[in-house]
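Student: Sending over a structure as structure tokens; questions will come in a sec.
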């Protein structure tokens with residue numbers, strides 16, 4: 001395990017990630033969207049080709065940039081509009097057929 005991987009493994013909060021990478025953040029934005037930001041960060045990293053083949057300083061730079069981009073996404077948008085979690089991507093509301101609705105009297 002690389003020193004960077006070990007260090008990342010020890011991080012336990014969104015604030016820890018921002019401190020580790022030396023990024024400034026608005027505590028209100030982080031409080032409202034911390035899980036969404038970290039999920040977007042994860043998704044951003046997954047889209048980076050050959051990340052594991054970079055040397056550690058280059059990996060650290062990519063991680064920092066991807067976290068910064070994930071955060072920026074939620075500074076300008078909300079967790080609900082960004083819908084990074086699969087459950088939030090599902091259509092809202094449910095269809096209920098009129099024929100399935102019965103009156104209280106059972107008719």
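Values quoted throughout were computed directly from the atomic coordinates according to the rules given, and no laboratory measurement underlies them. If you're wondering where the values come from, they're calculated on a predicted model, not measured in any experiment. In this analysis, Cβ positions are derived from the backbone assuming ideal geometry, glycine residues included, and neighbour counts consider all displayed protein chains.
Student: Mind pulling the per residue volume of the convex hull built on the Cα atoms of segment 30-80? Å³ is fine.
Tutor: Given the Cα convex hull of segment 30-80, per-residue volume reads 69 Å³.
Student: Now, a different point. Ranking request for peptides 36-42, 49-55: highest mean number of other beta-carbon atoms within 10 Å first, then the rest in descending order. Spell out each step's value before the answer.
Tutor: Working: 36-42: 20.0, 49-55: 9.0.
In descending order of packing, they fall as 36-42, 49-55.
Student: Can you give the extra length, in nm with one decimal, that the chain gains between residue 42 and residue 16 once fully stretched, where that is 0.36 nm per residue apart less the Cα-Cα distance?
Tutor: Details: separation 26, 0.36 × 26 = 9.36 nm, distance 1.51 nm.
7.8 nm is the gain from fully extending residue 42 to residue 16.
Student: Sort the following peptides by mean Cβ neighbour count (other Cβ atoms within 10 Å, averaged over residues), highest first: 23-34, 1-12. Don't jump to the answer; show the numbers that get you there.
Tutor: Details: 23-34: 13.8, 1-12: 11.1.
The densest-packed peptide leads the list: 23-34, 1-12.
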